[in-house]
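The values are calculated or read from the model by the stated rules, or taken from the named source; none is laboratory data. Keep in mind the model is a prediction, meaning the values are calculated, not measured. We place every Cβ from the backbone using ideal geometry, glycine too, and count neighbours over all the protein chains shown.
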Amino acid sequence: MSSFGRMTPAERAKEAAALKALELVQDGMKLGLGTGSTAKWFVHHLGARVASGLKVTCTATSVETHRQAEGLGIALLPLDGIGELDLAVDGADEIDASLECIKGHGAALFREKLVETMARTFVVIADDTKLVEKLGSTRTVPVEIVPFGREGTRKRLEALGAKVSARLDKAGEILVTDNGNHIWDCDFGPIEDAASLGMRIKSVTGVCEHGLFCGMASRAFLARPDGSVMELSREN
């Protein structure tokens, strides 16, 4: 049994997707390691391969992932010290058939986007419940903002048509990201044009980054509870 707890069907699906992505890893690669419940499985099994002799150099998208990878003996460098990545692997909160994603419900979207734009290949791993017809159907769009003037930023996001709420931590306090920022969760409902909305959000003063990942992923592995894996790609 995994150290992540009881193996529910959902966890088995996450592990199956992670193992499929692990097949892409080759000796000598530079990798970007994602954050979240599915990415943890990828890092977990990557650590086992490193222990068996695989040589890779990695950079992490969060303090949490850095600590996990470090504990498994995976070689790590900061993003500025590693250069272009061969492969980045990360989860998603929603993904559509064209591989547009909502990410960031783990509050790591800023670093995730920075790392994944550095990768020649970005692969999404998730269970098949994350596949939606339109982004925004089941999840809000996380937006990382600077704390200074946050209420003004909220009003500017509401002017774009969003219902906005502050992300709270487990103690009920405003969540602080690894970058010292806050997260506004923005409900736009089903999104007709994610790329256009992303540009409008990014133009708002006070916004650092948003959780719409458009035109970035080239492949996705979406696993079912029975362990079978569906692959999507931009070539499809």
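Being buried (at least 24 other Cβ atoms within 10 Å of the Cβ) and not hydrophobic (A, V, I, L, M, F, W, C) is the filter; apply it to the range 74-93 and report the residue that is nearest to GLY53 (Cα to Cα). Steps first, answer last, please.
We begin by selecting, within the range 74-93, every residue buried (at least 24 other Cβ atoms within 10 Å of the Cβ); these are 88-92.
When the remaining residues are screened for being not hydrophobic (A, V, I, L, M, F, W, C), the result is 90-91.
Values: ASP90: 23, GLY91: 26 Å.
If we take residues in the range 74-93 being buried (at least 24 other Cβ atoms within 10 Å of the Cβ) and not hydrophobic (A, V, I, L, M, F, W, C), then ASP90 is nearest to GLY53 (Cα to Cα).
Just give me the residues in the range 57-87 being closer than 21 Å to SER218 by Cα and either among the polar types (S, T, N, Q) or assigned to a loop (DSSP other than H, G, I, E, B) (or both), in sequence order.
Within the range 57-87, THR59, THR61, GLY83, GLU84 meet the criteria.
So SER218 fits all but one of (1) at pLDDT 95 or above; (2) more than 16 Å from the chain's Cα centre (by Cα); what number is the exception?
SER218 satisfies all of (1) at pLDDT 95 or above; (2) more than 16 Å from the chain's Cα centre (by Cα) except (2).
Say whether the condition of being assigned to a loop (DSSP other than H, G, I, E, B) and either more than 16 Å from the chain's Cα centre (by Cα) or not basic (Lys, Arg) (or both) is met by at least one residue in the range 9-17.
no
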